[in-house]
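Visitor: I have a structure here, written as structure tokens, and I will follow up with some questions on it.
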Amino acid sequence: MKFNYSFQKVVDLKTSEKSHAEMHLSSAIGQLQAEKHTLGQLFSDKDQMADSLQTQATNAVSAFQLQQMQDYINYIDQCILQKRQDIQTAQVKVEEKKEHLTTKMLDEKVWLQARGKALESFQKEESLREQNELDEMATVRFASRTR
């Protein structure tokens, strides 16, 4: 006899939900990494512009050009501040997705354990049934020999 768990669709649903939660966490981590990479690029741009500003300051450059370079550095600073906020938001999102995944993993584990217990019970019943059949066959054989 084959084991048929009556709540198998629930187990499958919980496994599917866990897989979706894993994908969402992976996506959130990817977003966080992208934000960090962008922040690194902004710092690199700022360093290059600061070096260029120092180089230009020693050369004969108009005050207007120096002011434009300084304004651009200030703009990059504002972008860096915004990007840090974006990173914090992305980190919060990653933590939320981790908590959600943990919840889904626990749900799945509970249902898998319930399925495992049902399978174990089924196997015990099946073993007992088989043993009873073997006992009955042995009894019939013994009874037929004694006649």
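No lab work stands behind these numbers, since they all come straight from the coordinates. None of the values given here were measured: they were computed from a predicted structure. Neighbour counts are summed over all protein chains in view; Cβ atoms, including those assigned to glycine, are modelled from backbone coordinates with ideal geometry.
Visitor: Could you work out how far the C-alpha centroid of the stretch 109-147 sits from that of the stretch 1-35, in angstrom?
Guide: 36
Visitor: Say a paramagnetic label sat at a point 7 Å from the Cα of Lys98, along Cα to Cβ; which residues of the stretch 1-35 have their backbone N under 12 Å from it?
Guide: Flagged as within label range: 29.
Visitor: Another one. Please give the FRET efficiency for Gln65 paired with Ala34, using the beta carbon to beta carbon distance and R0 = 30 Å, rounded to the nearest 0.05.
Guide: Between Gln65 and Ala34 the formula returns 0.35.
Visitor: Shifting gears a bit: In the structure displayed, which of Lys83/Lys104; Lys2/Lys104; Lys9/Lys109; Lys9/Lys98; Lys36/Lys97 lie more than 20 Å apart, Cα to Cα?
Guide: Numbers: Lys83/Lys104 31 Å; Lys2/Lys104 29 Å; Lys9/Lys109 14 Å; Lys9/Lys98 25 Å; Lys36/Lys97 18 Å.
Beyond 20 Å between Cα atoms: Lys83/Lys104; Lys2/Lys104; Lys9/Lys98.
Visitor: To continue, here is another question. Using alpha carbons only, how many degrees (0 to 90, rounded to 10) separate the axis of helix 63-146 from the longest principal axis of the chain?
Guide: Helix 63-146 sits at roughly 10 degrees to that axis.
Visitor: Rounded to the nearest 0.05, what FRET efficiency do Leu112 and His20 have when you use their Cβ-Cβ distance and R0 = 22 Å?
Guide: 0.85
Visitor: Run the numbers for Tyr72 and Asn132: contour at 0.36 nm per residue of separation, minus the present Cα-Cα distance, in nm.
Guide: My answer for the length gained is 12.9 nm.
Visitor: Any chance you could give the angle, 0 to 90 degrees and rounded to 10, that helix 8-58 forms with the longest Cα principal axis of the chain?
Guide: 20
Visitor: Connecting C-alpha atoms closer than 10 Å in a GNM of the chain, tell me which of Leu112, Leu25, Leu66 has the biggest fluctuation.
Guide: In this elastic network of the chain, the residue with the biggest mean-square fluctuation among Leu112, Leu25, Leu66 is Leu66.
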